[in-house]
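**Q** Shown below is the structure under consideration.
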Amino acid sequence: MTELLTDVEFEQFRRVIYDESGITFSQMNRSILDSRLKERLREKKLATLQEYYKLIMSDKEEMRIMLDSVTTNLTRFFRNQPHFDAFINYVIPHVVELKRKTGRLNIRIWSAGCSTGEEPYTIAMVLKETLPVGFTYEVLASDISLKSLMVGKQGFYPDSRIAGVPQNYLTKYFDHTEGGYQIKDEIKRCVRFDYHNLKYDSGQRNLDVVFCRNVLIYFDEAAQKAAVNRFWDAMAPKSYLFIGHSESLFGMDTKFQFLKTDWACLYQKNL
Ligand SMILES: C[S@@+](CC[C@H](N)C(=O)[O-])C[C@H]1O[C@@H](n2cnc3c(N)ncnc32)[C@H](O)[C@@H]1O
């Protein structure tokens, strides 16, 4: 297939996507960008990329749609089980102990780059199962993909997307309906979906745990560092950060402390 993007246009779009979101396209994944822009051009019935470039620069909504179209939203329930084992066996007991000392029994967790909701719903179900009586919790779930956020808000997953959910969770927290599973209201109520671009400060403070898994991988080092520093500001002392198992803060100048538990590795704001 012939490429739509010329070298100059590749640079132009690559730059604007990076500036707007931190997402970095290299020559290696140029064809992905090419095919996604082609699709958008067809949908908008435009003939050239220059027309489309003009459009995104003058229309904020189209800029959002373009950014959405270049994101990768692959996710699943209980993705990387060792993270959830560490969450259940290490993080939750420590957070509970700390909260008891302060007398504030509400736990706040952020799933940053939540895609279609499988991650925040997994977190919410696990908390429902494991938190001692008297504790409450809220899960904030954010993404720049509006299409993904809509799926998350709806909370309906076709049969094919439910793999990995333990049978007892499936029975307790989903309603089996035509062609799929609907997450129950008792879990839905605990998750708040919101548009948020990790390029900017979320305004959140004192979060107890942040999950930002398989998101930083799409950023270059400078954008990763900026996002990680913003997590630091959003998190409470002694709080925990999960990043993807193929991602690392190694070599990055951050204040987070690396933690190796029996189940998985994570980071702590150890103040
Ligand atoms: C591969 S998914 C990861 C989903 C989930 N965290 C997981 O590990 O299964 C990456 C998500 O990051 C989102 N994303 C990429 N850049 C972002 C940004 N600048 N701000 C917020 N979300 C972003 C994408 O839209 C996508 O939904």
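**Q** Looking at region 55-72, is at least one residue within 30 Å of Lys260 (Cβ to Cβ) and under 18 Å from the mean Cα position of the chain (by Cα)?
**A** Yes, region 55-72 contains a residue that is within 30 Å of Lys260 (Cβ to Cβ) and under 18 Å from the mean Cα position of the chain (by Cα).
**Q** Scanning region 175-198 for residues that are part of a loop (DSSP other than H, G, I, E, B), modelled with pLDDT of 95 or more and touching a strand residue (DSSP E or B) at 6+ places or on another chain (Cβ under 9 Å), which turns out surrounded by the most Cβ atoms within 10 Å (Cβ to Cβ)?
**A** Residue satisfying both the conditions and the ranking: Leu198.
**Q** Just to verify a result, which residue in region 66-104, among those that are aromatic (Phe, Trp, Tyr) and touching a helix residue (DSSP H, G or I) at 6+ places or on another chain (Cβ under 9 Å), is farthest from the ligand (Cβ to nearest atom)?
**A** Filtering first and then ranking leaves Phe87.
**Q** Is there any pair with a first residue in region 133-160 that is of a type in the set (Asp, Glu) and a second that is within 13 Å of the ligand (Cβ to nearest atom) whose Cβ atoms are under 7 Å apart and which are 6 or more apart or on different chains, and what are they?
**A** Note: pairs meeting the criteria are Asp143/Gly113; Asp143/Cys114; Asp143/Ser115; Asp143/Leu149.
**Q** Out of (1) charged (D, E, K, R); (2) more than 15 Å from the ligand (Cβ to nearest atom); (3) within 23 Å of Met125 (Cβ to Cβ), the odd one out for Lys238 is which?
**A** All conditions are met except number (3).
**Q** Exactly one condition in (1) within 15 Å of the chain's Cα centre (by Cα); (2) surrounded by 14 or more Cβ atoms within 10 Å (Cβ to Cβ); (3) farther than 26 Å from Thr102 by Cα is false for Val209; which is it?
**A** (3)
**Q** Might you check whether a residue that is within 13 Å of the ligand (Cβ to nearest atom) and surrounded by fewer than 19 Cβ atoms within 10 Å (Cβ to Cβ) occurs anywhere in region 46-62?
**A** There is no residue in region 46-62 that is within 13 Å of the ligand (Cβ to nearest atom) and surrounded by fewer than 19 Cβ atoms within 10 Å (Cβ to Cβ).
**Q** Looking only at region 133-162, count every residue that is aliphatic (A, V, I, L, M), assigned to a loop (DSSP other than H, G, I, E, B) and farther than 22 Å from Ala227 by Cβ and tell me the total. Quick ask: steps written out before the conclusion?
**A** Initially, region 133-162 is screened for residues aliphatic (A, V, I, L, M), giving 133, 139-141, 144, 146, 149-151, 162.
Okay, now just the ones that are also assigned to a loop (DSSP other than H, G, I, E, B), so 133, 144, 162.
When the remaining residues are screened for being farther than 22 Å from Ala227 by Cβ, the result is 133, 162.
Residues meeting the conditions: 2.
**Q** Would you please name the residue that is surrounded by the most Cβ atoms within 10 Å (Cβ to Cβ), looking only at residues in region 105-150 that are within 15 Å of the ligand (Cβ to nearest atom) and on the phi > 0 side of the Ramachandran plot?
**A** Selected residue: Gly117.
**Q** Right, next: Looking at region 221-271, which of its residues are among the aromatic types (Phe, Trp, Tyr), buried (at least 16 other Cβ atoms within 10 Å of the Cβ) and within 28 Å of Glu20 (Cα to Cα)?
**A** Selection gives Phe231, Trp232, Tyr240, Phe242, Phe256, Tyr267.
**Q** When you look at Phe10, is it buried (at least 19 other Cβ atoms within 10 Å of the Cβ), in contact (Cβ under 8 Å) with a residue 12 or more places away in the chain and within 16 Å of the ligand (Cβ to nearest atom), yes or no? Please lay out each step first, then the result.
**A** Working: buried (at least 19 other Cβ atoms within 10 Å of the Cβ): yes; in contact (Cβ under 8 Å) with a residue 12 or more places away in the chain: yes; within 16 Å of the ligand (Cβ to nearest atom): no.
Against the criterion (buried (at least 19 other Cβ atoms within 10 Å of the Cβ), in contact (Cβ under 8 Å) with a residue 12 or more places away in the chain and within 16 Å of the ligand (Cβ to nearest atom)), Phe10 does not qualify.
**Q** Which of the residues that make up region 20-40 are over 19 Å from Asp143 (Cβ atoms), charged (D, E, K, R) and either surrounded by 13 or more Cβ atoms within 10 Å (Cβ to Cβ) or within 16 Å of the ligand (Cβ to nearest atom) (or both)?
**A** Arg30, Asp34, Lys38
**Q** I've got another one for you. Quick check on my filter: what residues within region 151-176 are touching a Phe, Trp or Tyr at 6+ places or on another chain (Cβ under 9 Å) and within 16 Å of the ligand (Cβ to nearest atom)?
**A** Within region 151-176, the first condition is being touching a Phe, Trp or Tyr at 6+ places or on another chain (Cβ under 9 Å), and the residues that meet it are 151-153, 155-159, 161-166, 169-170, 173-175.
Listed by number, the residues that qualify are Val151, Gly152, Lys153, Gly155, Tyr157, Arg161, Ile162, Ala163, Gly164, Val165.
**Q** If you scan region 218-241, which residues turn out to be in a helix (DSSP H, G or I) and touching a helix residue (DSSP H, G or I) at 6+ places or on another chain (Cβ under 9 Å)?
**A** Tyr218, Ala223, Gln224, Ala227, Val228
The values are calculated or read from the model by the stated rules, or taken from the named source; none is laboratory data. Predicted model only: the values in this text are computed from it and were never measured. Positions of Cβ are backbone-derived with ideal geometry, glycine not excepted, and every protein chain shown enters the neighbour counts.
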